[in-house]
Amino acid sequence: YGNANSGYGHTGSPSVMNPLLSATGEIYTASSNTWASMPAPPVNFGSDGCVAAYNGLLYYTQGSNLLIFDTATEAWSQGANLLLSRVYHGCAFVDDKLYVTGGNGHNGNRMQQYTVSTNSWQYVASMSTYRHGIAMAAYAGELYVFGGISNQPLLSAEKYTPSSDSWSAIASVPHSTNGFYYGEAATLGDFIYLAGGVICTACNN
């Protein structure tokens, strides 16, 4: 969705936003360059969720909901509710564990771990910095979190090592003026790619 009147991609007006919140997902087939609609989920999608893939399933988190899409049967189911509601957060898998962190609220640095085999959540070590609007990706058995917003937009980044349940600082995101937030991250080979983010005149992003 989008609107030219706002650098954030929407006007914020309920009359503009609400009809879009119940939209279903879509499936893109690269080999044929075609799109197809997904079945409607049991809980409406929003603009502030996060999706991660594991073993042929897609795991979508938003608010306190965990929605699971089976790509073989194209059917939705619901997993155990998150311990802490999340929006504008990050999510990624390491092995059979889904990690969710960041997001709005005073607990935006806390991280939750979901175990697929037991359909259960638990808290693990918190990030060093409260962040929402983060980009997050997994690489070589670790989690990487980039940017976001705390009291101000952030360029800092950090990584989580599951084996020691600990966070450590990594090189900040290079940027000419302001922080990197509401962007996306994805891993391919030995690289993590960052793209997107807020576009507005004042931010000079």
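The values are calculated or read from the model by the stated rules, or taken from the named source; none is laboratory data. Here the structure is a predicted model, which is why all the values come from computation and not from measurement. We work out accessible area using only protein heavy atoms, side chains counted, and drop any ligands, DNA or RNA first. Shrake-Rupley method; radii C 1.70, N 1.55, O 1.52, S 1.80 Å.
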In µm²/s, what is D for segment 92-205 at 4 °C and 1.567 mPa s, where D = kT/(6 pi eta Rh) by Stokes-Einstein and Rh is the Kirkwood radius from Cα pairs?
90
In whole Hz, what ³J(HN,Hα) sequence does segment 73-78 give by Karplus (6.51, -1.76, 1.60; θ = phi - 60°), x for Gly and Pro?
9, 6, 10, 9, 9, 10
For segment 28-166, average projected area of the Cα convex hull in nm²:
9.2
How many percent of the accessible area of segment 39-159 is carbon or sulfur, using a 1.4 Å probe?
46
